Amino acid sequence: MISQKAKYALRALLALAEAGVGQSMQISDIADGQRIPRKFLEQILLDLKHRGLLSSRRGKNGGYALLRAPDLITVGEVLRLIDGPLAPLPCLSRMAYRRCEDCDGEDDCRIRRVFAEAHRANTAVLDATTLADMSGGSAHHRILGAG
């Protein structure tokens, strides 16, 4: 399950994607339009800025803007930045790999095998879906081959 923070981050990024790369939006406009608490949104946008997804400008025409095109930002990337590793088991994580303490061997672990398959399917969708896909509503059709 994704956190509320990740959900708000995706909604804010989608609003910025629809505004266009380099086009600033003020926090209040994003908060009101996406129904996100302003103080929480400020923290989220600052995190995304520090992680290289957004820029910010002060002043009358200031606000936050995307640094990269929406088709270059994936859902998987955003979730990892906000919530951390996506893997359901530490032995499956790319970002935070750690051997399970009670494991007799990863190659023989039947639990790991099932969760590895589920994790591959999950990350395939999340890493293939971009903000542009979400904005256009085409992600579901493109990823699942539903034409």
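Rule-based calculations on the coordinates, nothing more; no lab input. Everything numeric in this text was worked out from a predicted model, so none of it was measured. Note that we place each Cβ from the backbone using ideal geometry, even for glycine, and neighbour counts take in every protein chain shown.
Per-residue 3J(HN,Hα) values for segment 131-136, derived from phi via the Karplus relation 6.51 cos²θ - 1.76 cosθ + 1.60 with θ = phi - 60°, read 4, 5, 4, 5, 5, x Hz in sequence order (x marks Gly and Pro). Multiplying the residue separation of ARG113 and GLN43 by 0.36 nm and subtracting their alpha-carbon distance yields 21.5 nm. Distance between the 7 Å Cα→Cβ label points at ASP104 and ARG58: 6.3 nm. Our coupling estimate for segment 89-99, obtained by passing each phi through the Karplus curve with A = 6.51, B = -1.76, C = 1.60 and θ = phi - 60°, is 10, x, 6, 9, 6, 7, 7, 9, 4, 7, 5 Hz, Gly and Pro reported as x.
Going from the fewest other Cβ atoms within 10 Å to the most, the residues HIS50, HIS119 appear in the order HIS50, HIS119.
By the gyration tensor of its Cα atoms, with a ≥ b ≥ c the square roots of the eigenvalues, what is the shape of segment 1-40: rounded for a/c under 1.5, prolate for a/b over b/c, or oblate? Oblate.
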